[in-house]
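The structure under discussion appears below in the form of structure tokens.
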Amino acid sequence: MGWGRGALSVGFFMFDGAELATFSAMKDRASEIAEQIVASGIAPACAVAAGIRRGDRWSVVAGGSQSFFDLASLTKPMTAVAVAESGLDARRPLGDFVPELAGTATGPVPIELLLAHRAGLRATYPIYAPLVAGGEVDRARALWTLANARRPEAIGPCPLEGFAPLYSDEGYVLAGEALARFTGARDAGEAVEQLVVAPLGLSGQLGTARALEAHGIALAACAAPTEDVGWRGGVVRGRVHDEVAWALTGSGGSGHAGMFGTAAAVLRFACDVRDRMRAGPELSWLVRERAGGTLRAGFDGKSPEGSSAGTRMGPRAFGHLGFTGTSLWIDPDAEIAVVLLTNRVHPTRDHRAIRSARPAAHDALFDLALSLSDQSRS
């Protein structure tokens, strides 16, 4: 259904089976949205993309920087989709896939609850600390530590629907490790590339630093820089910003971070997710509403008040944010997908103006998508 999983040309772009938005005003508006983010001092670089589905086709447009961006936690929905694609039974516990963690506090917890942030784990844990001191990280011990890093209130056996939700990078590190073991991949990033990126024809446009460089992409020159980190030798560019991912998988990818891409490529992923949810139930469990909050399994839902998704997205919208200043949102009722990529952490993560800017940017991209539909009908 839809444009399928074929080739993609980047820039002011077109998917197979999608309408190329040739309306210069639409392209100019996309560029204006990105330029306003930069001009307002919210981030040094910005790229945007928006699309709307009408019938079996998408009308799409992109604007702003042509850089590759560190997608940060936009990796999480890609990991979750890869789990669904892999055939891994997410109802089975972590210990079934990573046997050395079977005896840990999280060993009996189903993969689905790790993806849904309901495994009782902490938000994050500084297993990268030895690197800061000039040492090395023992990967096996780090995974064991993460699997035992339960929140104090999450005691005893995991309930059927999990503990109270708390957004957790740790859960995705562990789910990503299970995915890699199940698929025989080097790490979660490689599994995502095999199961999600390659079928969409996005190799060379979306992937880990390791994979993109293997496709001839010089990320050190064409990736938007992120943070200036002394213990990593200065400004991080073309290498994952997330310290835990850097410690565990280097230029590869962990379940929670490690993917780089362009706005057009991320939009392609978002549109494919929507198409496949329309076509059948395979991915429906990823966006099922769950008790205790808006967090789902791979995505977040729209909060009733003050959502970063903005005011234009409907109540059933789902999406995700990334720490480096990235986001994607999908409205299944309006059939609209939007992508905002920035490097707001350059030169420091203390620059947080993106928080107030996101809703307005998402609203502008939503309206841009509606304009694409109006133009295609005229």
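Which residue pairs have Cβ atoms under 9 Å apart, sit 6 or more places apart or on different chains, and have a first residue in the stretch 279-307 that is outside the structural domain of Gly55 (by TED's automatic domain parsing) and a second that is surrounded by fewer than 16 Cβ atoms within 10 Å (Cβ to Cβ) and of a type in the set (S, T, N, Q)?
Pairs found: none.
Return the pairs, sorted by first residue and then second, in which the second residue is among the hydroxyl-bearing types (Ser, Thr, Tyr), the first residue lies in the stretch 195-208 and is surrounded by fewer than 24 Cβ atoms within 10 Å (Cβ to Cβ), the beta carbons are less than 9 Å apart, and the residues are 6+ apart or on different chains.
Filtered contacts from the stretch 195-208: Leu195/Ser86; Leu195/Thr183; Gln205/Thr262.
Given the criterion at pLDDT 90 or above, assigned to a strand (DSSP E or B) and under 20 Å from the mean Cα position of the chain (by Cα), identify the matching residue among Ala47, Ala34.
Only one candidate qualifies: Ala47.
Out of (1) at negative phi; (2) surrounded by fewer than 24 Cβ atoms within 10 Å (Cβ to Cβ); (3) not in a helix (DSSP H, G or I), the odd one out for Gly310 is which?
(1)
Within the stretch 325-361, how many residues are closer than 17 Å to Val273 by Cβ, surrounded by 17 or more Cβ atoms within 10 Å (Cβ to Cβ) and of a type outside the set (A, V, I, L, M, F, W, C)?
The qualifying residues number 5.
Looking only at the stretch 347-378, which residues are touching a strand residue (DSSP E or B) at 6+ places or on another chain (Cβ under 7 Å) and over 14 Å from Arg29 (Cα atoms)?
Pro347, Thr348, Ile354, Arg358, Ser373, Ser376
Under the condition of being assigned to a loop (DSSP other than H, G, I, E, B) and in contact (Cβ under 8 Å) with a residue 24 or more places away in the chain, which residue from the stretch 209-235 is farthest from Pro347 (Cα to Cα)?
This residue is Ile217.
I'd like to check something: does the stretch 336-349 contain any residue that is among the basic types (Lys, Arg) and in a loop (DSSP other than H, G, I, E, B)?
yes
Would you call Ala218 out of contact with any Cys (no Cβ under 7 Å at 6 or more places or on another chain) and over 24 Å from Ala263 (Cα atoms)?
Considered against the rule, which asks whether it is out of contact with any Cys (no Cβ under 7 Å at 6 or more places or on another chain) and over 24 Å from Ala263 (Cα atoms), Ala218 comes out as no.
Okay, residues lined up against (1) in contact (Cβ under 8 Å) with a residue 24 or more places away in the chain; (2) surrounded by fewer than 23 Cβ atoms within 10 Å (Cβ to Cβ):
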| position | (1), (2) |
| --- | --- |
| Pro108 | yes, yes |
| Leu113 | yes, no |
| His117 | yes, no |
| Gly135 | no, yes |
| Trp144 | yes, yes |
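For the stretch 213-246, which positions are small (Gly, Ala, Ser) and surrounded by fewer than 21 Cβ atoms within 10 Å (Cβ to Cβ)?
Within the stretch 213-246, Ala214, Gly216, Ala218, Ala220, Ala221, Gly230, Gly233, Gly234 qualify.
Listed residues Val240, Val273; which is assigned by TED's automatic domain parsing to the domain that holds Val338, within 18 Å of Gln194 (Cα to Cα) and either part of a helix (DSSP H, G or I) or out of contact with any Ser or Thr (no Cβ under 6 Å at 6 or more places or on another chain) (or both)?
Val273
Determine the pairs where a residue that is free of Cβ contacts under 8 Å to residues at least 40 places away in the same chain, located within the stretch 88-101, has a partner that is loosely packed, with under 14 Cβ neighbours inside 10 Å with Cβ atoms under 8 Å apart, the partner being 6 or more residues away or on another chain.
Sorted first by the residue in the stretch 88-101, then by its partner, the pairs are Gly95/Gly103.
Report yes if Ala291 is in a loop (DSSP other than H, G, I, E, B) and among the hydrophobic types (A, V, I, L, M, F, W, C), otherwise no.
When the stated conditions are applied, Ala291 passes them.
Among Ala72, Ala175, Ala164, which is the only one that is of a type in the set (Gly, Ala, Ser) and in contact with a helix residue (DSSP H, G or I) (Cβ under 8 Å, 6 or more places away or on another chain)?
Ala175
The values are calculated or read from the model by the stated rules, or taken from the named source; none is laboratory data. Quantities reported herein were computed from a predicted structural model and do not represent experimental measurements. Glycine gets a Cβ as well: all are built from the backbone with ideal geometry, and neighbour counts include every protein chain shown.
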